[in-house]
Amino acid sequence: MDEYSYRRALQWAASLGGPLLEEHGVKPPYGMYECGKARLDAAGILRNLWQVENAADLRELAERFWSGLDNPQFQQIRLFFSGLTRAERSSDLAAQTPGSVRGREGYVVNLYMDRLPPAGIAAWDLGRLAFYIRCARLARYINEQEEAAYLLHNAVRVRFSYRNWADYAVAYMAGCQFSQKDLSEEGAEIRLVRLRRLLTGPKSPWRELEWDIILPEPPALPE
């Protein structure tokens, strides 16, 4: 793979974190320069959310995300619902305590279960990880080559889970709602606007970079 194609592949991998990069004010193409202009508090984000303060912590975090944080629970409920009729699903949801965690999770699963591929909401876990990998580079916990290794390992998982950017966006949206238990119209609209901009915006990497871009074989992860 030539240098130009390799750089495009890395940009594709980093752009998987587009929703969170946009949320933190980072403009396309989401490079180090754009992250610097946004004054992203990368070290603070990693420390406050995940207690990540060095390269070893990042490796542990990556393994956790690749094992699945929210997706396993989503898939468990999805599997249960798959054995029920639509009427039985509705009855199960109606029997839940209003506002309960189980009720909110069940509502999201029921809403999206027939619209997602077998990978479920893995996009939510993997998309967030792409953002945290970039944060680790900004915080100087990892260098450029180490960041590339993490991003490509993450990208391969996404590529084999979804068919296109729209597919990925729907799964990311579902995962966000499932994780945050936020079923409000206001919250959904905010997320929809951000994802729609990524899918249709003239300067969005999601439009510039084709989904089936060639990805190089990921190098070994840092020890």
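The values are calculated or read from the model by the stated rules, or taken from the named source; none is laboratory data. The shown structure was predicted, so the numbers you read here are calculated from the model rather than taken from an experiment. Here the Cβ is made from the backbone with ideal geometry for all residues, glycine too, and neighbour counts use every protein chain on show. In case anyone asks, the SASA skips ligands and DNA or RNA and just uses the protein heavy atoms, side chains included. Shrake-Rupley method; radii C 1.70, N 1.55, O 1.52, S 1.80 Å.
Out of the residues in segment 133-144 that are surrounded by fewer than 23 Cβ atoms within 10 Å (Cβ to Cβ) and of a type outside the set (S, T, N, Q), state the one that is farthest from LEU58 (Cα to Cα). Checking each candidate, the answer is GLU144. Selection over segment 49-101 of residues that are basic (Lys, Arg) and touching a residue at least 40 places away in the same chain (Cβ under 8 Å) gives a count of 2. Identify all residues within segment 85-114 that are more than 21 Å from the chain's Cα centre (by Cα) and under 14 Å from SER179 (Cα atoms); write none if there are none. Correct list: SER100, VAL101, ARG102, GLY103. Among residues of segment 182-207 being surrounded by 15 or more Cβ atoms within 10 Å (Cβ to Cβ) and among the charged types (D, E, K, R), the one that is modelled with the lowest pLDDT is ASP182.
Look at (1) within 15 Å of PHE131 (Cβ to Cβ); (2) open to solvent by 50 Å² or more (accessible area, probe 1.4 Å) and you find that LEU58 fails only one, number (2).
Which of the residues belonging to segment 97-124 are closer than 16 Å to GLY68 by Cα and small (Gly, Ala, Ser)? Correct list: ALA119, GLY120, ALA122, ALA123. Scan segment 64-93 for residues that are touching a helix residue (DSSP H, G or I) at 6+ places or on another chain (Cβ under 9 Å), of a type in the set (A, V, I, L, M, F, W, C) and open to solvent by 20 Å² or more (accessible area, probe 1.4 Å) and report the count. Adding up the residues that qualify gives 5. Would you confirm whether or not segment 101-114 contains a residue that is part of a loop (DSSP other than H, G, I, E, B), at pLDDT 95 or above and crowded, with 23+ Cβ neighbours inside 10 Å? No, there is no match, as no residue in segment 101-114 is part of a loop (DSSP other than H, G, I, E, B), at pLDDT 95 or above and crowded, with 23+ Cβ neighbours inside 10 Å.
Of the helices (runs of 4 or more DSSP H) that lie entirely inside segment 1-69, those containing 3 or more residues that are small (Gly, Ala, Ser) and within 25 Å of GLU223 (Cβ to Cβ) span 3-15, 55-67. Among residues of segment 1-26 that are closer than 20 Å to ALA169 by Cβ and of a type in the set (Val, Ile, Thr), those with a beta-carbon under 8 Å from a residue that is open to solvent by 10 Å² or more (accessible area, probe 1.4 Å) and outside any helix (DSSP H, G or I) at least six positions away or on a different chain give the pairs VAL26/ALA38; VAL26/LEU40.
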